[in-house]
Amino acid sequence: MSVVAPVPRGTLGARVGRSAIDWIPPAMVLVLGILLWEGLVRGLDVQRFLLPAPSAILDTLREERDLLWSAGIYTFTEALGGWVIGSALGVLSAIVLARFRSLGRALMPFAIAANAVPIIAFAPITNQWFGPLEKTSKMAIAAILVFFPVMVNTLRGLTSVRPQSIELMRSYAAGEIETLRRVRIPNSLPFLFSALKVATVLAMIGAVVGEYFLSSQEALGFQIRNSAALFQFELAWAAITVASVLGILFYSAVALVERRALRWHPSSRSE
Amino acid sequence: MTQAAAVSITGLSKRFERGDVLALDRIDLDVQPGEFVSLIGPSGCGKSTLLRIIGDLIRPTDGDVLVNGKSAHQARLDRDYGIVFQDAVLYDWRTVAKNIALPLEMAGWGRRRRESRVQEMLDLVELSGFQKHHPWQLSGGMQQRVSIARALSFSPPLLLMDEPFGALDEMTRERMNNELLRIWQETLSTVVFVTHSIAESVFLSTRVAVMSARPGRIAGIVAIDLPQPRGPDTREHPHFAELITQVRRLLRKGHALDAPEEDETPLYVAEEGL
């Protein structure tokens, strides 16, 4: 009898050690890139409205940290709210469309078309609908941006189940709900999570760009637009940095949950 | 003592609307409790369709199917059978133990009872120690053993198997054949087994139902009267080769009955000439 040895689970120390080695090359690239940027800006004497030096941006980040921190929180709340609403509606719609396939087939072309529409163009309109100074207007545009990819991907995950998996459930006299719970939903999780990760980026875009049009002065998007208009480029860049860091943290948080939730997935075998 | 047949099929036909294909034509077949019956035939003879009709996964166009004396539909609702496919069809998100426990969860077994049953099943298919593995960490043969353990976990009186070892290499397949016979004898279940392999059908079965293609019919039934329990010696039994020849002849006859409409006719005439 052939015996497959159990896959050894690395010790915590070994894993940290390995991930440190994995992190060194990109960290070096980052540091080199920033040094190169600093050097070029200084060496070529680039005008500060074209591109401020990283050191100048860093100084502004430090000086304006209270303003930037509260603006970051403000905008992140909008993005998070839009992400939650859009994702929840996307998942629920996908479940309904998976259950009623003919409805799904009728609506799918529109959902896919909507995925290709530059939805951000609607931001001025949602601003007016929900009040330009309200967080809800930015949550709305973020939610719409998030909705379509989450819905389309989840639906794909719910329906791309091997026919024999369904036959097996039928052989156990399982109903629709039980098949959904035990087969379709677990099967859709890898699809869902990749959509949720993309959705974090879309939600941040929706919130920040929505703020460019009209927003409360507390918002990060307002700070970027306003300081650029007033030639305070260091502040604009500092605000962009805050938006970027928040976006990366948001994405990483979802990726972390994904790794925990999909530990069963064959793609995790490399770890 | 009268006992209802494990499977009783009368006048069963299946016509697929798509392409208007008559897949099965007036099939009659009885399987008694404790029997091991193989369905063998060329591809497209409807043997997998027949198995799925017994399991009420496909509805017949005409005829009656009784499983344990009940309608096939009722038998499915009562979870009277376990099914094994050519692919193991394990759920990647469940561990080996959880895959085996799936039908038990659905039957509402308590956790304690489930766990001890899963352990018994792991012992039965000789996979103790692998309960925490995920399916993709196992070899094909091991996955199929998990699938068999899952099908047997709730002790269904009937086991339906659709070419379960078709995707395995020859050596694994022989070992799995021996294991299946041991399990069949330990669990006293009834097996309906679909296969492409003549040797496999003769080695395993108490009877082999040979099917012909388009439309699917039963060309004949061969009773396999080799001594039980079977083992490595069975294949060397003087009668073994003879039974294989009988099945092969029926397969050829089934094809010949059907052949006039087929392009392959000259090929088979040539083969007879050789």
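The values are calculated or read from the model by the stated rules, or taken from the named source; none is laboratory data. No experiment lies behind these values; they were computed from the predicted model shown. Because the Cβ atoms are built from the backbone with ideal geometry, glycine has one as well, and the counts that use them run over all protein chains shown.
Can you report the number of residues in the stretch A:229-271 which are hydroxyl-bearing (Ser, Thr, Tyr) and in contact with a Gly (Cβ under 9 Å, 6 or more places away or on another chain)?
First pass over the stretch A:229-271, keeping only residues hydroxyl-bearing (Ser, Thr, Tyr): A:241, A:244, A:251-252, A:267-268, A:270.
Subset that is in contact with a Gly (Cβ under 9 Å, 6 or more places away or on another chain): none.
Residues meeting the conditions: 0.
So in the stretch A:187-196, with the set limited to residues that are crowded, with 18+ Cβ neighbours inside 10 Å and not hydrophobic (A, V, I, L, M, F, W, C), which one is nearest to the other protein chains (Cβ to nearest Cβ)?
Checking each candidate, the answer is A:187.
Does residue B:125 satisfy the criteria of being modelled with pLDDT under 90 and in the same structural domain as residue B:103 (by TED's automatic domain parsing)? Before you say what the answer is, go through the steps one by one.
On the way: modelled with pLDDT under 90: yes; in the same structural domain as residue B:103 (by TED's automatic domain parsing): yes.
In short, yes.
Considering only the stretch B:99-134, state which residues are over 16 Å from residue B:152 (Cβ atoms) and of a type in the set (D, E, K, R).
B:111, B:112, B:115, B:132
If I go through the stretch A:211-266 residue by residue, how many of them are crowded, with 19+ Cβ neighbours inside 10 Å, touching a residue at least 60 places away in the same chain (Cβ under 8 Å) and within 17 Å of residue A:53 (Cα to Cα)?
7
Look through A:62, A:42, A:48 and report the one residue that is basic (Lys, Arg) and assigned to a loop (DSSP other than H, G, I, E, B).
A:48
Does any residue in the stretch A:49-65 that is farther than 19 Å from residue A:31 by Cβ come within less than 7 Å, Cβ to Cβ, of a residue that is part of a helix (DSSP H, G or I) six or more places away or on a different chain, and which pairs are these?
Qualifying pairs under 7 Å: A:49/A:233; A:60/A:234; A:60/A:235; A:60/A:238; A:64/A:235; A:64/A:238.
Just checking: which of the helices (runs of 4 or more DSSP H) contained wholly in the stretch B:65-184 hold 3 or more residues that are among the hydrophobic types (A, V, I, L, M, F, W, C) and buried (at least 16 other Cβ atoms within 10 Å of the Cβ)?
Working: elements: B:72-77, B:96-106, B:111-124, B:140-152.
Output list reads B:96-106, B:111-124, B:140-152.
Scan B:66, B:51 and give me the residue that is touching a Leu at 6+ places or on another chain (Cβ under 6 Å) and in the same structural domain as residue B:210 (by TED's automatic domain parsing).
On the way: B:66 fails: touching a Leu at 6+ places or on another chain (Cβ under 6 Å).
Sole residue among the options that is touching a Leu at 6+ places or on another chain (Cβ under 6 Å) and in the same structural domain as residue B:210 (by TED's automatic domain parsing): B:51.
Tally time: how many residues in the stretch B:199-247 are basic (Lys, Arg), without any contact (Cβ under 8 Å) to a residue 60 or more places away in the chain and within 24 Å of residue B:32 (Cα to Cα)?
The qualifying residues number 1.
Report, ordered by the first and then the second residue, all pairs with beta carbons closer than 8 Å, sequence separation of six or more or different chains, a first member in the stretch B:114-128 that is touching a residue at least 40 places away in the same chain (Cβ under 8 Å), and a second member that is among the small types (Gly, Ala, Ser) and buried (at least 18 other Cβ atoms within 10 Å of the Cβ).
Taking only residues 6 or more apart or on different chains, the pairs are B:124/B:149; B:125/B:149.
From the residues in the stretch B:191-237 that are among the hydroxyl-bearing types (Ser, Thr, Tyr) and either out of contact with any Ser or Thr (no Cβ under 8 Å at 6 or more places or on another chain) or closer than 19 Å to residue B:34 by Cβ (or both), which one is modelled with the lowest pLDDT?
The first filter runs over the stretch B:191-237 and keeps only residues among the hydroxyl-bearing types (Ser, Thr, Tyr), leaving B:195, B:197, B:201, B:205-206, B:212, B:234.
If we keep only those that are either out of contact with any Ser or Thr (no Cβ under 8 Å at 6 or more places or on another chain) or closer than 19 Å to residue B:34 by Cβ (or both) as well, we get B:197, B:201, B:205-206, B:212, B:234.
Numbers: B:197: 90, B:201: 92, B:205: 93, B:206: 93, B:212: 88, B:234: 85.
The qualifying residue modelled with the lowest pLDDT is B:234.
I want to confirm something. Restricting to the stretch A:125-183 and keeping residues that are without any contact (Cβ under 8 Å) to a residue 40 or more places away in the chain, assigned to a helix (DSSP H, G or I) and among the hydrophobic types (A, V, I, L, M, F, W, C), which single residue is nearest to the other protein chains (Cβ to nearest Cβ)?
A:168
Tell me the residue from B:27, B:53 that is among the β-branched types (Val, Ile, Thr) and not in a strand (DSSP E or B), please. Talk me through it step by step, then tell me what you get.
Numbers: B:27 fails: not in a strand (DSSP E or B).
Of the residues listed, the single one that is among the β-branched types (Val, Ile, Thr) and not in a strand (DSSP E or B) is B:53.
Out of the stretch B:76-101, which residues are more than 9 Å from every other protein chain (Cβ to nearest Cβ) and either among the β-branched types (Val, Ile, Thr) or more than 20 Å from the chain's Cα centre (by Cα) (or both)?
Our first condition is that a residue be more than 9 Å from every other protein chain (Cβ to nearest Cβ); within the stretch B:76-101, this holds for B:80, B:84, B:88, B:90, B:96-101.
B:84, B:96, B:97, B:98, B:99, B:100, B:101 - these are the residues of the stretch B:76-101 that are more than 9 Å from every other protein chain (Cβ to nearest Cβ) and either among the β-branched types (Val, Ile, Thr) or more than 20 Å from the chain's Cα centre (by Cα) (or both).
Scanning the stretch B:54-75 for residues that are polar (S, T, N, Q) and without any contact (Cβ under 8 Å) to a residue 24 or more places away in the chain, which turns out nearest to the other protein chains (Cβ to nearest Cβ)?
Just the residues of the stretch B:54-75 that are polar (S, T, N, Q), to begin with: B:61, B:68, B:71, B:74.
From the residues that got through so far, the ones that are without any contact (Cβ under 8 Å) to a residue 24 or more places away in the chain too are B:71, B:74.
Details: B:71: 13, B:74: 10 Å.
It comes out as B:74.
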